[in-house]
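Report on one structure; see the data block that follows.
The values are calculated or read from the model by the stated rules, or taken from the named source; none is laboratory data. These figures come from a predicted structure and were not determined experimentally. Each accessible area value is taken on the protein alone, full model and side chains, heavy atoms only, with ligands, DNA and RNA left out. Shrake-Rupley method; radii C 1.70, N 1.55, O 1.52, S 1.80 Å.
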Amino acid sequence: MNTKPFTSGLGENAVMITRVADRQWHALEDDLVVGRAHAQHRPDGRLFVSIDAWHEMAFDLLAEAMLAKLPSPLYTLVDEADVELTAGWRRAGFTIRRREWEYVVPTDPRVTGLDEVLPPPGVTIVPAGQVDESLLRAVDRAVRDEVEATVGWQSMPAEVIPRPEGDTIVDPSKYAVAAAPDRYLGLIRVVRVKRPRIGLVAVRTGEQRRGIARALLAHALGTLHHSGASAAWAEVQESNQAASALFEGIGARPMGSNLELVR
């Protein structure tokens, strides 16, 4: 284990930084854990770091220990309302890369205005749990390649779901799709953990502006409404005006924002 002592100018108590496992550190004060730091690769390959500390000194020492051992670039995601945490990462040399708005999305079709929305002619919505996995993986790969060729997948909201390396579909049962007779044209992923979250809405580039995304949202939100969920949540990058317009057009409201920071 690696330790780093620090003696505060306010007293004789020392904060010791200890690496307790690969990419994990603890801050100890009088043998009490006063902070934890962790680094983990996200599915897109980027290395994200996090620190939970009782006070500023422990945060700064944990950040120093992590930065000395980890390769650049490093990323972290913080609630913009958490001014102290944001300031701590700024002290460590992190800068704002982008902002994500968190929307609360109503599910009641009388509120969203999606009660009579249907997919365009020749397109059907296949409910979650009934999709063909090979066709699902094909449309997911196509959409990701299209995004990567334009704005880059790193511009999408950070994905935190653990998955096998190289696998972008964790659980096919979480996806509903828009289907043509020979292939899938778009997909929507809804994950229920503490609350329903719309993790992804995407349509192949050549099939956009046909109402497919609205039809997918109508299906997913309608399903949630019938199951008793009054709202879902979604994250949208600030610069993605089309996605913001899509959600705000069905009554979604921004409830907060997250900052992605990079060093």
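Of the beta bridges in the chain, as assigned by DSSP with both residues counted there, near 95 percent are antiparallel. Return the carbon/sulfur percentage of the accessible area of the chain, one whole number, probe 1.4 Å, all protein chains in place. Answer for the chain: carbon and sulfur cover 51 percent of the accessible area. Averaged per residue, the chain has 53 square angstrom of accessible surface, using a 1.4 angstrom probe with ligands and nucleic acids left out.
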